[in-house]
Amino acid sequence: TQPRSETNFHIRGWWVALSHCWGPSQTKELRPAFVTTTANVEARKESISLEELPQTIQDAIMVTDRLEYAFIWVDSLCIIQDSVEDWNKESVKMQEYYSRAILTVATDSSPDDTCGFLNPRSSGRFAPIETRMTPDKEHPSYKVKVFLQDKPSNRMFGPSHLTSRAWVLQEEALSPRTLHFLANHMAWKCLYGWAVEYDGEFNPYTERRLAEGGVRKAVNPHSYLQRTNVPRQRKEWYNCVEDYIQRDITYNDDRLPAISGIARMVAEQLNYTYRAGLWQEDMVKGGLLWFVGDGNATKPEEYCAPSWSWASL
């Protein structure tokens, strides 16, 4: 069955969300080739040729199908990219699309949509060694093959093509469950712990980690931390902003929209008033005290935000 665009997927059942790098693009006139536009949106409601889809999206559809879910949300396909009206309507729903998805598939190993993420793995990470084992004196020894693996426990969720992108921060923070596809293994992350493919065990967060939370726990609607610790949530917002401003973003006018899902969630939980990246209730005490750490920030030519906001740089 060929895929097609579905406008009421959130009513008809659970869906998977895709977190991915589209690919290099310097201007809005040079967006990646396979996106939904006003010219093709009606045709895509009827059918989309699977073979014409970029490899990353083909792989994501395969994962969704193997997990026996019928719908997948892909921003480049589900938002009409040359329609300001549709963009304004859909971009504010990012919070819903990721926080209510049954699962987010994160393509950490794929630099753009043409590369895919279900690729052959490097055999160099597995080094079989033959040896002999002797259980005890009463039993003969026997030959075994041991597979040694470079175990990247400190890098399994580290920097990647995906985590360098500004839009991806809120996709990760708002998702209750994320399945990461890295170059040589898969990893799972949710509100209560993590697991990696080579380990095979679920590693729950410690009580301290659960109590401290982080932006994922502070803003995610499924977290028990929401509405329970205002100072912690406020602190995590500023930690989130520090992370966010170090990430790459293609279009400067996306600076505030790309974090708006997190902002909307925090506003609901704290009952705060959002003002261009800051909180009205916290302006004097902390919001206006931001500064440029290395002194190398430059103000873009086009207007992005008021000069008193960190988003103006």
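Note on segment 58-101: residues that are touching a strand residue (DSSP E or B) at 6+ places or on another chain (Cβ under 9 Å), over 26 Å from residue 164 (Cβ atoms) and open to solvent by less than 40 Å² (accessible area, probe 1.4 Å) amount to 1.
In segment 90-120, which residues are within 21 Å of residue 34 (Cβ to Cβ), in a helix (DSSP H, G or I) and in contact with a Leu (Cβ under 9 Å, 6 or more places away or on another chain)? Correct list: 94, 97.
Being modelled with pLDDT of 90 or more, crowded, with 16+ Cβ neighbours inside 10 Å and under 20 Å from the mean Cα position of the chain (by Cα) is the requirement here; does residue 218 meet it? When the stated conditions are applied, residue 218 does not pass them. Please tell me if residue 160 is buried (at least 16 other Cβ atoms within 10 Å of the Cβ) and at pLDDT 85 or above. Criteria not met by residue 160. Here the condition is being modelled with pLDDT under 90 and under 18 Å from the mean Cα position of the chain (by Cα); of 74, 92, 63, it holds for 92 alone.
With respect to the stated conditions, residue 224 fails to be at pLDDT 80 or above, among the aromatic types (Phe, Trp, Tyr) and outside any strand (DSSP E or B).
Scanning segment 263-310 for residues that are closer than 15 Å to residue 240 by Cβ, at pLDDT 90 or above and aliphatic (A, V, I, L, M) yields 263, 278. Cβ separations smaller than 6 Å between residues 6+ apart or across chains give the following pairs from segment 171-188 residues that are in the same structural domain as residue 93 (by the TED database) and surrounded by 22 or more Cβ atoms within 10 Å (Cβ to Cβ) to residues that are aromatic (Phe, Trp, Tyr) and modelled with pLDDT of 90 or more: 171/98; 174/98; 175/98; 181/117. In this structure, is residue 24 modelled with pLDDT under 90, open to solvent by 70 Å² or more (accessible area, probe 1.4 Å) and farther than 18 Å from residue 104 by Cα? Spelling it out, residue 24 is indeed modelled with pLDDT under 90, open to solvent by 70 Å² or more (accessible area, probe 1.4 Å) and farther than 18 Å from residue 104 by Cα. Under the condition of being under 17 Å from the mean Cα position of the chain (by Cα) and outside any helix (DSSP H, G or I), the residues counted in segment 239-255 number 7.
The values are calculated or read from the model by the stated rules, or taken from the named source; none is laboratory data. No experiment lies behind these values; they were computed from the predicted model shown. Please note: Cβ atoms are built from the backbone with ideal geometry, for glycine as well, and neighbour counts cover all protein chains shown. For the accessible areas, the whole protein counts, side chains as well, though only heavy atoms, and no ligand, DNA or RNA atoms are used. Shrake-Rupley method; radii C 1.70, N 1.55, O 1.52, S 1.80 Å.
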